[in-house]
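Quick notes on the structure that follows.
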Amino acid sequence: MKGRVLSVASECVPLVKTGGLADVVGALPAALAGQGWEMRVLLPAYRALRARSKGWPVVWREASLWSGEGRVLAGEVDGLSVLLLDAPHLFDREGGPYGGPAGDWPDNPQRYAALSWVAAALARDGVAGWKPDVLHAHDWQAGLAPAYLAYHGSGGCRSVMTVHNIAFQGWARAAMLGDLRLPASAFHPGALEYYGGLSTLKAGLVTADRITTVSPRYAEELMRPEFGMGLEGVIAARAGVVSGILNGVDLSVWSPGVEGANPYSARDMAGKAAARSGLSNEFGVDVPGPLAIVVSRLTDQKGIDLLPAVVPELVAAGGGLIVLGSGDPGLEAAVTDLAARFPGRVAAKIGYDEGLSHRLFQGADAVLVPSRFEPCGLTQMYGLRYGTLPVVAATGGLADTVIGATPASLAAGVATGIVFHPTDALAFGQALRQMVRLHADRKAWSRMQAAAMAQPLGWEASAAAYAALYAGLKKG
Ligand code: ADP
């Protein structure tokens, strides 16, 4: 065993998930075990998790953890070593992790300060004889964990802060400094102060030994005002310890070779043609050109607002589109409207449907991801895996995972999709024209599909990069 890592987060598959953060936190322990690193995950015992942890031994307790008792329970779920912070006054509530029907919980600063406080305590002192070398904190909910190590003693434990999405920064009022167990001396712009208040994410960014985010390109982008959302200067000031490590894909879940009625592989694509026919029937969309899909939250971040400007030309050129997504009501309406305007060419399904998303990736020719920013992005990677060529904006993880078709990349046989810049209707429209042209050249398209499907996308490379990061920290 090379070392031990305590990972602290607010979500983790298969226990609690609202977004991609949970997938990463849940996938890392198994992937790191293959690299010789032992990882345990500390999570809050939300109401649903309390039921699952009945009978687990108590391995740590504090009588007054923000005005109630906090206990840590240790157990195992699907091979994952889990530590649950059981503090009913903070986490045993009806609703989601961050809020109920009336919106965010007003005591979120204290709730996640408690999680971070306990993470730091376990990292510093060890738990039931298990002493971590590294504390790995994810997003604003765990941002205070490295800060507590910095201000209350680290016990030799080093720290990593990972940014999954800089848009969420963990805001708290300046008056809460003491209540959050933070020293008054740290309240200045070089440390915890953030526009007159506190940001728990900033606290992690200024105190952690290393900062990572989920793609190399996003790591660079975060140092620029267009992407850093106010924290660009903080990250740029620490550029020497910032790195980007791409997320992996769960290859057992996203696997065209074994799933559905029409499995296929790069060597035999007949199943994909059959899946395409099935999709055409299911949605009543029948087009001679490329059949594209969008599987996404419908938000401005994802560039969905650009679709009404570019889809008419795509349809005129013989292409089609199926959209699966939900989100902004205005964008839902815009997408539904497109389907009504172009029957037989465009279809839309408003909602979240994992099974349908698999069928879409199996049957479609291309997946469109016109994001304005994209920390890593998963759907372009699913597209690569399924030979459903990604048409993506040149940002964040999209730029890091797709090799755009150019005369040079096509001649070399390495192109895996179409990449456009900037994220506007003009560039997106040009990318779609290029998609239609390339699709008509069956040889070129097949070659791109083969290159896309050959790209390694599992967790091995990411786990090796995290392992190297931890090893560097452990050496000192
Ligand atoms: P983000 O986390 O910003 O939403 P990602 O691309 O990293 O974007 O991850 C989105 C994940 O959610 C992907 O697995 C995608 O397939 C899935 N997804 C998004 N919208 C839907 C939907 N409407 N139905 C099914 N899956 C969806």
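The values are calculated or read from the model by the stated rules, or taken from the named source; none is laboratory data. Computed from a predicted structure; not experimentally measured. Backbone-built Cβ (ideal geometry, glycine too); neighbour counts: all protein chains shown. Areas reflect the complete protein model, heavy atoms only, side chains present, ligands, DNA and RNA absent. Shrake-Rupley method; radii C 1.70, N 1.55, O 1.52, S 1.80 Å.
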Spatial extent of the chain: Rg and Dmax, with the Cα atoms as the point set, Å:
23.4, 69
Pulled fully out, how much extra length does the chain show between Ala175 and Arg47, if you take 0.36 nm times their separation in residues and subtract their Cα-Cα distance?
43.1 nm
Work out from phi, with θ = phi - 60° and the Karplus expression 6.51 cos²θ - 1.76 cosθ + 1.60, the ³J(HN,Hα) of each residue of region 165-179, listed in order in whole Hz, and give x for Gly and Pro.
7, 6, 5, 9, 10, x, 7, 9, 5, 4, 5, 7, 3, x, 4
Antiparallel versus total DSSP beta bridges in region 270-453: what percent is that, nearest 5?
0 percent
With θ set to phi - 60°, apply the Karplus curve 6.51 cos²θ - 1.76 cosθ + 1.60 along region 215-226 and write out the HN-Hα couplings as whole Hz, x wherever there is a Gly or Pro.
7, x, 5, 5, 4, 6, 4, 4, 8, 10, x, 5
Sparse-neighbour loop sites [chymotrypsin sites (Phe, Trp or Tyr not before Pro); region 351-403; at most 16 other C-beta within 10 Å; DSSP]:
Tyr352
Among DSSP bridges having both ends in the chain, what percentage is antiparallel? Round to the nearest 5.
30 percent
Between the modelled labels at Ser67 and Tyr98 (7 Å from Cα along Cα→Cβ) the distance in nm is 2.4 nm
Under 17 Å between alpha carbons - lysine pairs in the chain that sit 8 or more apart or on different chains
7
Note down the net charge around Met161, summing +1 for each Lys or Arg and -1 for each Asp or Glu among other residues with Cβ under 14 Å from its Cβ.
+2
Calculated over region 270-453: convex hull of Cα atoms, volume per residue (Å³)
98 Å³
Would you mind calculating the gained length between Met229 and Ala411 on full extension (0.36 nm times residue separation, minus the Cα-Cα distance), in nm to one decimal?
61.6 nm
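Given 0.36 nm per residue, what is the gain on full extension from Val77 to Ser255 after removing their alpha carbon distance, in nm?
My answer for the length gained is 61.7 nm.
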The simple spin-label model distance between Asp300 and Asp286, using points 7 Å out along Cα→Cβ, in nm, is 4.1 nm
Between Ala316 and Tyr352, what's the calculated FRET efficiency when r is the beta-carbon distance and R0 is 25 Å? Round to 0.05.
0.20
GluC sites (Glu not before Pro), restricted to region 1-97: which are DSSP loop and have at most 13 other Cβ atoms within 10 Å?
Glu69, Glu94
Go through region 92-193 and name the trypsin sites (Lys or Arg not before Pro) that are in a DSSP coil and have 16 or fewer other Cβ atoms within 10 Å of their Cβ.
Arg93, Arg173
Quick check: at a probe of 1.4 Å, how many percent of the accessible area of region 270-453 sits on carbon and sulfur atoms?
57 percent
Helix-only CD estimate at 222 nm, as mean residue ellipticity for the chain, using -39500 (n - 2.57) per DSSP H run (n ≥ 4):
-11000 deg cm²/dmol
In region 1-142, what percentage of the DSSP-assigned beta bridges are antiparallel, given to the nearest 5?
50 percent
